[in-house]
Structure formats: C-alpha cells, structure tokens
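Down below is the structure, laid out as structure tokens.
Bear in mind that the values in this text are calculations on the coordinates, not laboratory data. This one's a predicted model, so the numbers in the text were calculated from it and none came from an experiment. Here the Cβ positions follow ideal geometry from the backbone for every residue, glycine too, while neighbour counts run over all protein chains shown.
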C-alpha cells in the first residue's frame, strides 16, 4: 500500500476502512488465538462481515443516529461490530467489561441505546438486568451463545453468526459512507471518571480521524511507515485504545493481534513481535518491578550490568552522549543485556506509546536505559483523545508529554490551565449542557490540567487542577508526584496521598503481596518495612510534600471494587469514602 507521510482526508471512519480494504484485500487484518493457534481475518472478510452486520442492524430497525451499545472484551468481533454500527449510520456506545449492572443501567438510560451487542454469557450476566430497566433497548445480539430464557422487557435476542454469516453488500455501506460527514457523531464514549457518574463524550468522525492522521504523521516522519503490527490489550472501550489501538492501525493498513489476557501478555509479545504498542504506565511499572526482582535473584554479572546500564543511560540522556571510557561497558550492555530485553519485547518494536496516566520519570529512564523507545503522550477522551506525544526528531524528554499533534492548538491560560482547540475536540457531553458549557468555552477545551511549554515546545504537565492538595498554609502539593515516588519502592504496590486543608500529608498504602507473604502477614513487621520505604521517599521530598503518617488499605485498589478506573487511575472520592475516617484519625495521633 501507499507509504506516504500523511493520511488522506477521509469523510468518515468507515470510508477510511473501506479504502484500506481496497488496498489490502486478502491480506491479514485481525488476529485471535483459538485452540492454541493464531488465526487471521483478512481485510476483505472483515469488510464482508461489517457489511452483513450493518444490513442486519438496519433490518432490526436501527436508524441513522440510533445508539448501539457494545459490551465485549478485545477481540476481532469488537472492531467488526464497531465499524458495522457506524456503517449502518448509527453511533457506537462502547462500555467497559468491568461495568456493574448499575453502570450499564446508567449508560443505557442516558444514551437511549436502541440495541446492544454483548460478547458472552459472563458479560451478559451484569447487562441483562440493565436491559430490563431500559425502555429504549429492543435488541440484544450475542457474539457467543447467550442463555436468555424468556424475552427481557420485550427485547429480542439474536445470534451473531446468523447476522454476519451471509450477505454483505459493500456497495450499500459505501453509499451510506458517502452521506456521513466528519462532523457527524461516531461514538459516545463514557468517561469512567475519578468521581461522579460517567459522562458520554460525543466524539465525531473528524475528531478520531484527526487523531489518526496526526499519529500517522509521528510514525511516518519519525520512524518510517511500514507493514505495522499492533498487539491490542487495553480495553477497546477506552478512547485511548479505540483511537490509538483500533482506528490508528486501520489508518496504517496494519495488522492487529488481540492479546489473550493480561496474564499472557508477556508471552503474546514474544510470539506476535509487534512493531507498535499502545500502553499505560502501570504496565511499565509492573514490568520494571518484575525485571528488578528477576535480576536481583540472579545477582552477580546481571545485577552489575543492570546497574551500569542505568548509570550510562542516565548519562546519555542528560548529556546527549557518553565519554569514550564508557564505550566498552556500553558495548557489553548492548550485547549481554539490551539484546535480551529487546527479544522479550519481540525484537522489532519501534516504540511503545504510553498514555492514559502520568509516567513516572524514573520508570521511563529505566526502559530508556535498556534500549526500549517509549513515547509518552497526553490526552483526554474529550480530545480524540490524543493531544500531544513525544517525538524522536524533536527530542524525547521523559519529563514531558511532547509537542502538540499536527493541526492541534494548545495554549496556557493565565492560571496555568492547558486549553486545546482543533477538530479533535469533542462536540460536548451527551445530554449534559451544563458540563459542556463548563469545559468548552469559545471553541477551547479546558482540560483541567496545569502545565507549560519547555524551550522546544514540548508540554510539561505539572498538576491536575482539581487534584491539587492545598494544605492549611496554602501550599500546593501534587499528590500524583508523591504517589508515583512511593509506588517505585519495592515494598509499596499502590498509594493514595491525603491532606487537603490539613497541616501535613498522610498516605493510604497497599503493600506488595510478596512482602506480605515474606513477612507471614505480620502487621507490625509490614508496617516497619513500609515506614522505611516512606522514609526513603521523604528524604527526596520538600517539607510540604513529606508523608508524616500512613495507614494500610484492607485490599488492593482494583476496577472490581471500583477504587480504580478501567484506565488504572485511582478513584480518590471512592477511597476517601471507604478510608476517610481512618485517614482523618492519623491527624489525631
């Protein structure tokens, strides 16, 4: 296919997909593992299924503009369903597989979804009761067999295989695509949020196409655009994965492999050998801890090589080069350490793009020193979602999130808040004019993030406006910075900082499971080890940032207990509701 440096100006996402189908034909497109073997779906076959499902949705009564909810783990059918919904002129409403019945009820009711596609009986268990409460949802499509019993609230149940098995006229969806413009609504993505009920972000076709074109600009000009291979594992219902891990690969004419699970991700990376991956910082934090422990157990030469690699990596990062005396050690590191690390990542990775949450600079430096190219980006669901990304040609600085994307305006308001303007900005929140007016003013998206530009035009995020802790003396403290430093300690798995309008900071900590096992769940011993970890962090913090006391959480922060969002951000309001009294009590001691 054409390997240009920019993406053509498509009227909508379906038109982009059909163009890639014309170019790629029977070339493999989507891969999934079944029976221990990777099996592919070609571009042509995916297009046939998209056309068949789009026609079926229309036969079921779905009209242009109707919302269709999609509840599925990452798999080829997810993307085929997404494209088919849009090809029918409808609007995709992707939701997290971890959603509760309450979550599904809110989204079904708020969006007015006309139909829902669900992948399995397991996911249908939380969904079907929500359909019972819905007055708008008339059809439920099961990708796998769904045991339904009697019709729920008049809803009809359908089998995926029957709807995509036959037919599929591409001329019909081409005709439909010709009537859809860049300003038309493509999907409603409900932001899980760190507080309050999820809000439906109205992402139009142009917003996502803007992101795809701008990301292709990065790859084509900084790395070279070739036959790219992606490994998808972040929730496809998240805007970051939807645009970056699904639509972006289509724009590149790439292949997408769907990881089996998070537990098998490391093995899948070695098998698939991806060239690009869209990731979140938490993955790197977990990999770093795992690698450190493995090398620590080996001791000897591996430990010395790692320590030297980190020293040389930091020197090269800060100075731009290393002195002649370090060349022999650098060569040994490349041959004995970096080569092994590269193979663990498949051996042909161009870059791993990190977004969704802030990347701790120490974690970034660790992987930089081991030869893994990491591009930290920045964005929001309300902006496509990608706003900026580090680029090698500009110079990768781990403490920044890079320059704004192509055709993206970013400016800093008087109070330091970052404002964004361009086609990537959403058209507003679904059925929520008040919130829309709050964040969209005179065409500018008010991000709620505090930051500035460095001397090379790269964005530096310093704080989250609403997450800032202001102590009783008026000092501002960024909790994310302190939390990031705490979780780099091998004893601490997770942390939340607390102390708004208080004299000092305290913390809620989750110890590493291995530490708990090692100390045989001895509470006093665990607290003693955690105190030493906190002391190490405090030694590097200013007076107002120091953590004076801490308490232990009863369990880890997870999506299932609603203490983390699906994009792995802690939900402060939930944690404060659970542990508020315990944290407040730390000030009375």
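Observations
- Sequence of 275, 179 once ranked by neighbouring C-beta atoms within 10 Å, starting from the fewest: 179, 275
- Projected label distance in nm at residue 329 and residue 476, using a 7 Å step from Cα toward the beta-carbon: 4.0 nm
- Per-residue extension of 0.36 nm, minus the Cα-Cα distance of residue 175 and residue 540, leaves a gain of 125.2 nm for this segment.
- FRET efficiency, residue 260 to residue 407 (Cβ-Cβ, R0 56 Å, nearest 0.05): 0.90
- The stretch between residue 573 and residue 501 holds 24.3 nm of extra length on full extension. This uses 0.36 nm per residue minus the Cα-Cα distance.
- Computed on segment 468-588, with alpha-carbon pairs under 8 angstrom and 6+ residues apart, the relative contact order is 22 percent.
- Extension gain from residue 438 to residue 514, taking 0.36 nm per residue of separation minus the Cα-Cα distance: 22.8 nm
- Here each label is just a point 7 Å from Cα along the line to Cβ, and for residue 136 and residue 523 those points are 4.9 nm apart.
- Cβ-to-Cβ counts within 10 Å put 162, 434 in ascending order as 434, 162, the fewest first.
- Bridge type composition, segment 468-588 - antiparallel percent by DSSP, nearest 5: 65 percent
- Counting every pair of alpha carbons in the chain, the share spaced more than 30 Å apart comes to 54 percent.
- Beta bridges from DSSP with both residues in segment 1-136: antiparallel share about 40 percent, rounded to the nearest 5.
- On Cα atoms only, tilt of 13-24 relative to the major axis of the chain in degrees: 90 degrees
- Seen against the Cα atoms of the chain and their longest principal axis, helix 300-319 is set at about 80 degrees.
- Peptides 102-109, 281-288, 228-235 ordered by packing proxy, namely the average of other Cβ atoms within 10 Å per residue, highest first: 228-235, 102-109, 281-288.
- Based on Cα contacts under 8 Å between residues 6+ apart, the chain shows a relative contact order of 11 percent.
- Ascending count of other beta-carbon atoms within 10 Å, so fewest first, for 247, 374, 69, 291: 291, 374, 247, 69
- Helical runs (DSSP H, four residues minimum) scored at -39500 (n - 2.57) apiece and divided by the length of the chain put the mean residue ellipticity at 222 nm at -11500 deg cm²/dmol.
- Shape class of segment 285-327 from the alpha-carbon gyration tensor: oblate, with a/c at 1.5 or above and b/c at least as large as a/b.
- Beta bridges by DSSP in the chain, antiparallel share as percent, to the nearest 5: 50 percent
- Helix 281-298 and the long axis of the chain differ in direction by around 50°, with both axes built from C-alpha atoms.
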